[in-house]
Amino acid sequence: MKPFRTIEVSDPRFESGGLRFITVKSVWLKGRGDICVYVPGGIPEGQSLPVVVLLHGVYGSAWSWSQQGGVHLRAAGMIREGVLPPMIIAMPSDGLWGDGSGYLPHGEVDFEKWIVEDVVNAVRWAIPAARQDVGLFIGGLSMGGYGALLAGVKYHDLFDAISVHSAITSLDQMKLFVEEGLGSYQQADAGKQDVLATCLLYKGKVPSLRFDCGREDLLIDYNRVLHRGLEAAGIDHEYREYEGGHEWAYWEEHVAESLLFFARVLREGGKLRAG
């Protein structure tokens, strides 16, 4: 039985680069949403694979990680080289609200629940190798990093690890990128729209966590504040800084570190609490 009223899946005969596409009618979006999925080739029937959910930034959509960052090509190369176990990478749209939904609830629509419920369930229904939970990870860049951090911590029972790049760390930073007013994003519980406050709220339940940022990035100071706050709270995490700005050249290079981090969590036995 389908978990959705309607769900359309591209025909594998016409795939290119292992990319598959899903369009699903979501109760949380009050409409349809798109998911681009990288499915590694050559997987024996019946084998179960871990799933990585990668969230895009402002202005983008389900195609961004593959068509601007080439993440599917990077993952395929790493799998061929034997440095990365086969993984499914699900790359959903954020819901296509304004310049970016922030992956937050907005009145009658809930872009966070779209990710953590509908995207996960659609991928598990449509991709046989994803149906058994052998590891579920979440990551993203910029606004997608923000959504991944908040959702990954709030839904700590669902995700095994979080890894993000150049992340927004609090709602007020959305104004650096979007023309919509922050009132559209405002949550009833303001503490749940700030990454550090959310980590403190769920201290002891935070999944394995890493994040990085470029030293020339306009968000670098915010990422440093998050790092220091997590250190002060005794919440284990990995933080790295590299050369680079808020740009696809940076994310294309460093997304490999997220994939390797998720692989390490898998090797070490799944969910490792970060505080």
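If the viscosity is 1.567 mPa s and the temperature 4 °C, what translational diffusion coefficient in µm²/s does Stokes-Einstein give for the chain when Rh comes from Kirkwood over Cα pairs?
Details: Rh = 18.5 Å.
Translational D for this selection: 70 µm²/s.
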From the Cα centre of region 67-102 to that of region 14-35, the distance in Å is 14
Sorted list, accessible surface of protein heavy atoms, 1.4 Å probe, largest first, for 169, 23 is 23, 169
Classified through the alpha carbon gyration tensor (a ≥ b ≥ c as square roots of its eigenvalues; rounded if a/c is under 1.5, else prolate when a/b is larger than b/c, else oblate), region 1-89 comes out oblate
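So which helices of the chain fit the span-like rule, where a helix is a whole DSSP H run, its Cα atoms reach 24 Å or more along the axis, and its mean Kyte-Doolittle is at least 0.0?
On the way: long enough: 248-267 (29 Å, 0.21).
Both cut-offs are met by 248-267.
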Given a 1.4 Å probe, the accessible area of region 1-128 per residue, as a whole number of Å², is 45
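Compare the peptides 132-140, 236-244 by average per-residue count of other Cβ atoms within 10 angstrom and give them in order, highest first.
Result, highest mean Cβ count within 10 Å first: 132-140, 236-244.
Which GluC sites (Glu not before Pro) in region 8-62 sit in a loop by DSSP (not H, G, I, E or B) and have at most 10 other Cβ atoms within 10 Å of their own Cβ? Spell out each step's value before the answer.
Numbers: sites: 8, 15, 45; in loops: 15, 45.
Taking region 8-62 and a limit of 10 other Cβ atoms within 10 Å, the loop GluC sites (Glu not before Pro) found are 45.
In region 133-229, which GluC sites (Glu not before Pro) are in a loop and have at most 12 other Cβ atoms within 10 Å, using DSSP for the loop call? If you can, show how the numbers build up before the last one.
Values: sites: 179, 180, 216; in loops: 179, 180, 216.
Loop-located and lightly packed - 179.
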Accessible-area order for 217, 189, largest to smallest, probe 1.4 angstrom, reads 189, 217
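When the accessible area of region 166-211 is split by element with a 1.4 Å probe, what percent falls to carbon and sulfur?
On the way: 970 of 1910 Å².
Looking at region 166-211 in its full context, I get 51 percent from C and S.
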Sorting 249, 226, 198 by the position of each Cα along the dipole of region 159-249 (Lys, Arg +1; Asp, Glu -1; all at Cβ), the one nearest the positive end of that ordering is 198
With the 1.4 Å probe rolled over protein heavy atoms, region 193-249 has an accessible area per residue in Å² of 46
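Return the calculated 222 nm mean residue ellipticity for the chain, to the nearest 500 deg cm²/dmol, obtained by summing -39500 (n - 2.57) across DSSP H runs with n ≥ 4 and dividing by the residue count. Before the final figure, lay out the partial values.
On the way: 7 runs with 75 residues, N = 275.
Rounded to the nearest 500, it is -8000 deg cm²/dmol.
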Ignoring ligands and nucleic acids, residue 205 exposes an accessible area, probe 1.4 Å, in Å² to the nearest 10, of 100
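Probe radius 1.4 Å, ligands and nucleic acids ignored: give me the carbon and sulfur share of the accessible area of region 1-80 as a rounded percent.
Values: 2180 of 4240 Å².
Summing carbon and sulfur atoms, their accessible area is 51 percent of the total for region 1-80.
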Taking a ≥ b ≥ c as the square roots of the Cα gyration tensor eigenvalues, with a/c under 1.5 meaning rounded and otherwise prolate when a/b beats b/c or oblate if not, region 153-239 comes out oblate
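The values are calculated or read from the model by the stated rules, or taken from the named source; none is laboratory data. Nothing here was measured: the structure is a model prediction, and the numbers come from that model. A quick note on method: Cβ atoms are made from the backbone with ideal geometry, for glycine too, and the neighbour counts reach across all protein chains shown. The accessibility values were calculated without ligands, DNA or RNA, using every heavy atom of the protein model including side chains. Shrake-Rupley method; radii C 1.70, N 1.55, O 1.52, S 1.80 Å.
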